[in-house]
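Asker: Take a look at this one; I'll ask things after.
The values are calculated or read from the model by the stated rules, or taken from the named source; none is laboratory data. The structure presented is a predicted model; accordingly, all values stated were derived computationally and were not measured. With ideal geometry, Cβ positions are generated from the backbone for all residues, glycine too; neighbour counts draw on all protein chains shown.
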Amino acid sequence: MAIFGNKRIYCVTFFMFARRYHIMLVGNDIGHAAGIVKNGGVIAYPTETVYGVGALATDVGALEKVYRIKSRPLSQPLSIAVSSMEMLRSVAKVECEDFILKFLPGPVTVILKKNRALPDILTARSKYVGIRWPDNKMALDLIGQTGPIVSTSANLHGEKDPVRAEEVTIPVDYVLDGGPCKYGAPSTVVDLHEFTIVRKGIMYEDVRRYMYGCGCATED
C-alpha cells in the first residue's frame, strides 16, 4: 500500500492496452474517485451486480472516453446510475413509481423518458435512458458526491463482465475496490414506459411476478 498525500492506493497494476502500457490505480478512497469523476475522468466502481464504468452522465467529453475505452459503438446507449429518488427525478420523467419503490435500490435497470439534462451521446439520440439505483453502499456514497454517473460494465464491449476489482482491465483512471460483487451477474432491465421486460437478469422472477400481477406486462 502507498499513500500519496491523503490518497490511499494499495495496488498499482500495469497492463497493455492498444499497444501502450497503462498504470491502473486501485484503492478504496471514495472521495478520490469522486474527484476524478467530477474533473472529467473515468473510473471503475462496484455495484451489487458487476463493476461499472463511472463518468459524469452530463459530460460529453467523459462520455466519449467511456465509448472509446470500451470500444463500444456510439449507436449503443449507456445507462446511468443515481443514488436517490430526487436524483432520478432530475434526469428522467418518473413513471410507475410503485415499481421503482419496490425494486430500487436493487439489481434492476428501469428505462424512462430522459430530460434535457442528459446529452444525446449518452442515449444514442434516444428519448429514453436506462437508470440504475444500485444497492451498494460504496456506489451510493460515490454517486452522492458526484451526481448521476454512467452505469455500464467495466469491460471491453462484448467481453466478460468484471465482478472483482482485479478483473477490470480497461484503462480507467482509478478502480474503486469494493470487493466482490454480491450477485456477480447483470441486472434485469424493464422498460417502464412500455411496461416490458427487456432483459432477464438478477431478480427476473420477482420482477415478472410483480408485473404480470398487474395484468399488463409483456416481454421482448
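Asker: Taking the stretch 102-117 on its own, how many of its residues are closer than 19 Å to VAL60 by Cα and either at pLDDT below 95 or surrounded by 19 or more Cβ atoms within 10 Å (Cβ to Cβ) (or both)?
Answerer: Count: 3.
Asker: Is it the case that the stretch 183-205 has a residue that's within 17 Å of ALA33 (Cα to Cα) and buried (at least 19 other Cβ atoms within 10 Å of the Cβ)?
Answerer: no
Asker: Could you grab me the full set of residues in the stretch 118-153 that are of a type in the set (S, T, N, Q), touching a helix residue (DSSP H, G or I) at 6+ places or on another chain (Cβ under 7 Å) and either surrounded by fewer than 19 Cβ atoms within 10 Å (Cβ to Cβ) or over 20 Å from TYR67 (Cβ atoms) (or both)?
Answerer: GLN145, the sole residue that qualifies.
Asker: Quickly run through the stretch 44-82 and pick out the residues that are under 11 Å from the mean Cα position of the chain (by Cα) and of a type in the set (Ser, Thr, Tyr).
Answerer: TYR45, THR47, THR49, TYR51, SER79
Asker: Here's a follow-up. For GLY31, are the conditions met, namely being within 25 Å of ASN136 (Cα to Cα), at pLDDT 95 or above, in a helix (DSSP H, G or I) and not hydroxyl-bearing (Ser, Thr, Tyr)?
Answerer: yes
Asker: Write out, first by first residue and then by second, each pair whose Cβ atoms fall under 9 Å of each other, whose residues are 6+ apart or on separate chains, and whose first residue, in the stretch 102-115, is within 12 Å of TYR128 (Cβ to Cβ) while the second is of a type in the set (Asp, Glu).
Answerer: VAL110/GLU95; VAL110/ASP191; ILE111/ASP191; ILE111/GLU194; LEU112/GLU95; LEU112/ASP191; LYS113/GLU95
Asker: Return the only residue of LEU176, LEU156 being crowded, with 19+ Cβ neighbours inside 10 Å and touching a helix residue (DSSP H, G or I) at 6+ places or on another chain (Cβ under 7 Å).
Answerer: Within the list LEU176, LEU156, the selection yields LEU176.
Asker: Further, regarding this structure: For the stretch 131-146, which residues satisfy the criterion of being touching a Leu at 6+ places or on another chain (Cβ under 8 Å) and within 15 Å of GLY31 (Cβ to Cβ)?
Answerer: Matches in the stretch 131-146: MET138, LEU142, THR146.
Asker: Right, next: For GLY61, state whether it is under 24 Å from TYR174 (Cβ atoms), without any contact (Cβ under 8 Å) to a residue 24 or more places away in the chain and not in a loop (DSSP other than H, G, I, E, B).
Answerer: yes
A quick yes/no check of all residues on (1) farther than 24 Å from VAL172 by Cα; (2) part of a helix (DSSP H, G or I):
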| site | (1), (2) |
| --- | --- |
| GLY41 | no, no |
| VAL66 | no, yes |
| SER90 | yes, yes |
| LYS113 | yes, no |
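Asker: Which residues, counting only those in the stretch 37-89, are surrounded by 20 or more Cβ atoms within 10 Å (Cβ to Cβ) and farther than 23 Å from GLY158 by Cβ?
Answerer: Answer for the stretch 37-89, where residues must be surrounded by 20 or more Cβ atoms within 10 Å (Cβ to Cβ) and farther than 23 Å from GLY158 by Cβ: VAL37, LEU56, ASP59, VAL82, SER83, LEU88.
Asker: From the list ALA55, ALA124, ALA81, which one is touching a residue at least 24 places away in the same chain (Cβ under 8 Å) and farther than 22 Å from VAL198 by Cβ?
Answerer: Step by step, each of ALA55, ALA124, ALA81 is checked, and only ALA55 is touching a residue at least 24 places away in the same chain (Cβ under 8 Å) and farther than 22 Å from VAL198 by Cβ.
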